[in-house]
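**Student:** I'd like to ask some things about the structure below.
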Amino acid sequence: MITPGQTDVEALAGKTVALVGLPAAETEALVHALQRAHAIACVLKEGDSLPVPSKGTLFDVVAIDAALDWDAEGTDMAVLFVGSPHTIARWTPALHDQAHDFLIAPCDPDEFLLRAGRLVAIH
């Protein structure tokens, strides 16, 4: 949760953000942005799997290529969909709560930090 006087980007400090299935060039820019925000980036490819801890969640935010098939509604993690307007449109039902947001690709790293930080702050 965000503390008084803390910005959304500052809320990312020490948080883990998964970057799933995003293009390599975009992923690299987002990893650098997350490092600037003192967040931890975990880069995953489509189909990668990790063991889920028994307590808590695996990531504070998942930024995922909106073109991938994934059950976003079946997770309690905050999700940031990244993609074209066409691929984002199919996730519109999931975007009506505070645990989901979207960015149109290619996204600006600073805008990414703001959106991811906002998800961390309210989730």
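All of the numbers you see were taken from the coordinates with simple rules; none came from a lab. Bear in mind the structure is a predicted one, so any value in this text is a computation, not a measurement. Note: ideal-geometry Cβ built from the backbone for every residue, glycine included; neighbour counts use all protein chains shown.
**Student:** Sort 82-92, 59-69 by the packing proxy (mean of other Cβ within 10 Å over each peptide's residues), most packed first.
**Tutor:** 59-69, 82-92
**Student:** Roughly speaking, what is the centre-to-centre gap between the range 75-123 and the range 5-39 when only Cα atoms are used, to the nearest Å?
**Tutor:** With the range 75-123 and the range 5-39 each reduced to a Cα centre, they are spaced 13 Å.
**Student:** If we sort 28-38, 107-117 on the protection proxy, mean other Cβ atoms within 10 Å, highest first, what's the order?
**Tutor:** Top of the packing list down: 107-117, 28-38.
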